[in-house]
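The next block holds one structure in the form of structure tokens; read it before the comments.
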Amino acid sequence: MIVILDFGSQYSELIARRIRETQVYSEVLSYRTTPEDLRQLNPKGIILSGGPSSVYDKSAPHCDPEIWNLGIPVLGVCYGMQLMVQQLGGDVERSDRGEYGKASLAIDDPTDLLTNVEDGTTMWMSHGDSVTRLPDGFELLAHTANTSCAAIAHHDKKLYGVQFHPEVVHSIGGLALIRNFVYHICDCEPTWTTAAFVEESIREIRAKVGDKRVLLALSGGVDSSTLAFLLYRAIGEQLTCMFIDQGFMRKLEPERLVKLFREQFHIPVEYVNARDRFLVQIQGVTDPEEKRKRIGHEFIRVFEEESRRLGPFDYLAQGTLYPDVIESA
């Protein structure tokens, strides 16, 4: 596994996707993840994402410096590279001129991280700060016309940094760089696939749930629907999917949703028509935030009542996305 520590970048999940495209499993975690937790996960490599902050700001997110001593290869991307440099004794300063968009990468060391990455290839830049002095033991791998330290490395400790974003499609040699880190530096094997992940997840769910019952709030969106499919394959009739119709979906959409799950996917759905209850809650209310709060509170009330009616349940299943997991810690 490769772990991505998220520092607020819009591209963190994209990095995870690029790793998985190399057929290696990846997982996005908060930058607050402790070295102890990382040791237990035992990843083959760690990637520090970019982020909107400046490393020298008082409120800037910082990882535990002990991460550099874990003996695990680390790749810092943009902000991640600057944080690596700062915490290991180098200097990061505000640039006289920021660099945003495509830039030609001049390679000074074509080995290791930059193996098979063509000199002059295009990489995507997005930064207003730059590394002005490298920490002891680090070497320059590449530069651009505007950035003297575009890629760096401490070869002995397997610590690497790039000022650009190799994960985006605009970076022509980006995937080659990611493959170098994953395969050659972290010694990962291309054995992970989504199909294997599904089968592994099903085994884990069965082991966790046993013969107990699970309740899932089904919204009809991608997250909860995907989880419904996965859970039903794992535990079948032990799963109860509850769909609460609040009256705010498109005309006939609730009916289509329930029919789709019941008749095409063959997954039973408990349909709860609570339209009148929700409409009463927002009658005469014009403030959007107040509407949101009232709808949220009423959903909880309805969900509690219906779960008591359908229960008892041992587990609550929730389909969500990486950003929600990270933000809620």
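Since every read-out is calculated from the coordinates, none of them should be taken as a lab result. Computed from a predicted structure; not experimentally measured. Because the Cβ atoms are built from the backbone with ideal geometry, glycine has one as well, and the counts that use them run over all protein chains shown.
With Rg and the Kirkwood Rh both taken from Cα atoms, where does Rg over Rh land for the range 194-328?
Values: Rg = 16.1 Å, Rh = 16.2 Å.
Here Rg/Rh amounts to 0.99.
Hey, got a sec? Which chymotrypsin sites (Phe, Trp or Tyr not before Pro) in the range 174-251 land in a DSSP loop and have at most 14 other Cβ atoms within 10 Å?
The qualifying sites are F248.
Run the numbers on the range 2-185 and let me know its relative contact order in percent, using alpha-carbon pairs under 8 Å that are six or more apart.
On the way: 420 pairs, mean separation 39.6, N = 184.
Once divided by the residue count of the range 2-185, the mean separation gives 22 percent.
Amide H of D129 versus every other amide H placed in the peptide plane: which residues, excluding those fewer than 5 positions away on the same chain, fall under 5 Å?
Here S95 satisfy the definition.
Suppose a student asked you for the relative contact order of the chain, using Cα pairs under 8 Å spaced at least 6 residues apart; what percent would you report?
Numbers: 602 pairs, mean separation 47.3, N = 329.
It rounds to 14 percent for the chain.
What ranking of F278, F7 emerges when the number of other C-beta atoms within 10 Å of each C-beta is taken as an exposure proxy, fewest first? All intermediate terms of the calculation are to be shown ahead of the outcome.
On the way: F278 20, F7 25.
By the 10 Å Cβ count, ascending, the order reads F278, F7.
Could you please state, rounded to a whole Å, how far the C-alpha centre of the range 143-197 is from the C-alpha centre of the range 64-94?
After rounding, the separation between the Cα centres reads 15 Å.
Out of all DSSP beta bridges with both ends in the range 57-216, state the antiparallel percent to the nearest 5.
Working: 20 of 24 bridges.
Of the beta bridges lying entirely in the range 57-216, close to 85 percent run antiparallel.
Would you mind computing Rg(Cα) / (2.2 N^0.38 Å) for the range 118-264, counting N as its residues? Kindly include the intermediate steps, with their values, before the conclusion.
On the way: Rg = 24.2 Å, N = 147, 2.2 N^0.38 = 14.7 Å.
The range 118-264 yields a ratio of 1.65.
For the range 72-147, what log10 I(q)/I(0) values come out of the Debye formula at q = 0.18 1/Å, with one point per alpha carbon and no solvent?
The calculated log intensity ratios at q = 0.18 Å⁻¹ are -0.79.
Determine the relative contact order of the range 194-328: mean sequence separation of Cα pairs under 8 Å and six or more apart, normalised by residue count, in whole percent. It would help to have the intermediate numbers written out before the result.
Working: 143 pairs, mean separation 41.3, N = 135.
Computed over the range 194-328, the figure is 31 percent.
Counting only DSSP beta bridges with both residues in the chain, tell me the antiparallel percent, nearest 5.
In the chain, DSSP labels about 40 percent of beta bridges as antiparallel.
What translational D, rounded to a whole number of µm²/s, comes out for the range 177-230 from Stokes-Einstein when the hydrodynamic radius is the Kirkwood one over Cα pairs, at 4 °C and 1.567 mPa s? Intermediate values should be presented prior to the final figure.
Values: Rh = 14.0 Å.
Calculated translational D: 93 µm²/s.
Could you work out the pair-distance distribution P(r) of the chain from its alpha-carbon pairs, with 10 angstrom bin width and percents rounded to whole numbers?
P(r) for the chain, in whole percents per bin: 5, 22, 25, 18, 17, 11, 2.
GluC sites (Glu not before Pro) within the range 85-178: which are DSSP loop residues with at most 13 other Cβ atoms inside 10 Å? The partial results should precede the final answer.
Details: sites: E93, E99, E118, E139, E167; in loops: E118, E167.
Those satisfying the criteria are E118.
Distance from the Cα centre of the range 111-125 to that of the range 8-34, in angstrom?
The range 111-125 and the range 8-34 have Cα centres separated by 21 Å.
After finding the eigenvalues of the alpha carbon gyration tensor for the range 2-185, what semi-axes result from the square roots of 5 times each, listed largest first in whole Å? Show your work: numbers first, answer last.
Working: eigenvalues 93, 73, 49 Å².
Ellipsoid half-lengths, sorted descending, are 22, 19, 16 Å.
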